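Structure first, then comments.
The values are calculated or read from the model by the stated rules, or taken from the named source; none is laboratory data. Treat the numbers as computed from the prediction; the structure is a model and nothing was measured. Note that we place each Cβ from the backbone using ideal geometry, even for glycine, and neighbour counts take in every protein chain shown. Keep in mind that these areas ignore ligands, DNA and RNA; they rest on the heavy atoms of the full protein, side chains included. Shrake-Rupley method; radii C 1.70, N 1.55, O 1.52, S 1.80 Å.
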Amino acid sequence: MSSEKFISIGVLGSEKNNVAFHIIKEIFIKSGFQLLNNKNNLITILAKENKFLLISELTPNTIESIIKLNFHFDIIIHTNLKINDYENHFFKEVIHQAEYIIMNVDDKNYRKLLAKEVKGIIVTYGLNRKATITTSSFKFANNIQFNLCQQREILGLNGIRMEPMEIPITLNLIGKSNIYYSLAVIACGLIYGISADEMRNILSNIKGVFRYLEKIQDEEYMIIDSNCNIPADYNTVFEETQNLKYKNIYIINGIEIDQGIYTIKDNLKAILNWQPILNVKKLFLYIDGKEALLKNNIHLMLSNQKVDYEIFTDLYRCIHAAMKGLSKSDLLMILGSESLRECRELINQLIIN
């Protein structure tokens, strides 16, 4: 077993800002670890008394430099990968050297990462009944509730054997994808030695990741903020919110002039495709500049659609207009890229006033 004084955790993913990476950091910080270093948000070093943790995001852009350091991880966590990344020999190499490999067994491509013989213990997670860490049931509302099932004994890094168990979990998050991220995180925590009860308490108050299906208000009405750049981002958000309980949906959509007219139109088409499915009552479109031609193009595109909308070039006015129409149990979705980063601060100002 590895020294308990220094443990390294690597999170595999195709993109940076991996949700599992951020939740793992939050889990350990809430369990008493102090943040010592957070270099470029890719490598985090935490400390608790005489124990140290290194947590790293491993993407196609960063994995090679790690391999060249001849650095071996105690725990490797497999999360979302693009199809081409399953052939990345650097990913296969870190898995080959790891002491524990946490794999999403619901991903049909996961075995490709195990083509090279591994030295460590494989712990699987997913909704598949064959997974070591899975759920016996789950339901979505304005949070996620499920029964966590550990189906087989796990020998942790500390040498303690964890017997099969089942406990209820409530996540202060939304979306099916966050079930997968939470199962991966729970597997990691159990292997390290955090008790299931402690993780259950932490997960019930977890904040999640900035601008990824993030709840920034959940009282009389709910406000969700999510970074969206291309149609696939919008489709993912809408798919994840289908199971929420709400009365009406209103959308603030950020439109950035430098996105280009084709991307802007494609993003709006994605919203319009979901509009009747989700019962979207009104769109509040914020353009980050005064561009008459773009505004006219949007009017032409939406004029024949059965959708109510307004266009703004002032973000505060846009948010104010959207929020004043909210009623009990309504849902306001803030969808867009960099132009909407200040929304949280402006919303807080409006709520206080």
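Observations on the model:
- Members of the range 54-83 that are within 19 Å of residue 17 (Cβ to Cβ) and not polar (S, T, N, Q): 54, 55, 57, 58, 60, 63, 66, 76, 77, 78, 81, 82
- Of the strands (runs of 3 or more DSSP E) lying entirely inside the range 1-118, those containing at least 2 residues that are within 19 Å of the chain's Cα centre (by Cα) are 6-12, 43-48, 51-58, 75-78, 100-104.
- All positions within the range 127-153 that are farther than 28 Å from residue 220 by Cα and open to solvent by less than 10 Å² (accessible area, probe 1.4 Å): 131, 133, 134, 135, 148, 150
- Selection from the range 238-260 of residues that are open to solvent by less than 50 Å² (accessible area, probe 1.4 Å) and either of a type in the set (S, T, N, Q) or outside any strand (DSSP E or B) (or both): 238, 240, 241, 244, 248, 253, 256, 259, 260
Okay, residues lined up against (1) under 25 Å from residue 206 (Cβ atoms); (2) open to solvent by 30 Å² or more (accessible area, probe 1.4 Å):
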{"position": "25", "(1), (2)": "yes, no"}
{"position": "29", "(1), (2)": "yes, yes"}
{"position": "32", "(1), (2)": "yes, yes"}
{"position": "51", "(1), (2)": "yes, yes"}
{"position": "84", "(1), (2)": "no, yes"}
{"position": "91", "(1), (2)": "no, no"}
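- For residue 341, the criteria (1) over 27 Å from residue 141 (Cα atoms); (2) under 23 Å from the mean Cα position of the chain (by Cα) hold in every case but one, which is (1).
- Taken across the range 178-185, residues that are small (Gly, Ala, Ser), within 24 Å of residue 80 (Cβ to Cβ) and in a helix (DSSP H, G or I) do occur, with at least one present.
- Inter-residue pairs, beta-carbon under 8 Å, first free of Cβ contacts under 8 Å to residues at least 40 places away in the same chain and in the range 228-245, second of a type in the set (Phe, Trp, Tyr), 6+ apart: 235/274
- Test result for residue 209, modelled with pLDDT under 95, hydrophobic (A, V, I, L, M, F, W, C) and closer than 19 Å to residue 307 by Cβ: no
- Here the condition is being within 29 Å of residue 82 (Cα to Cα), at pLDDT 90 or above, of a type in the set (S, T, N, Q) and open to solvent by 40 Å² or more (accessible area, probe 1.4 Å); of 235, 201, it holds for 235 alone.
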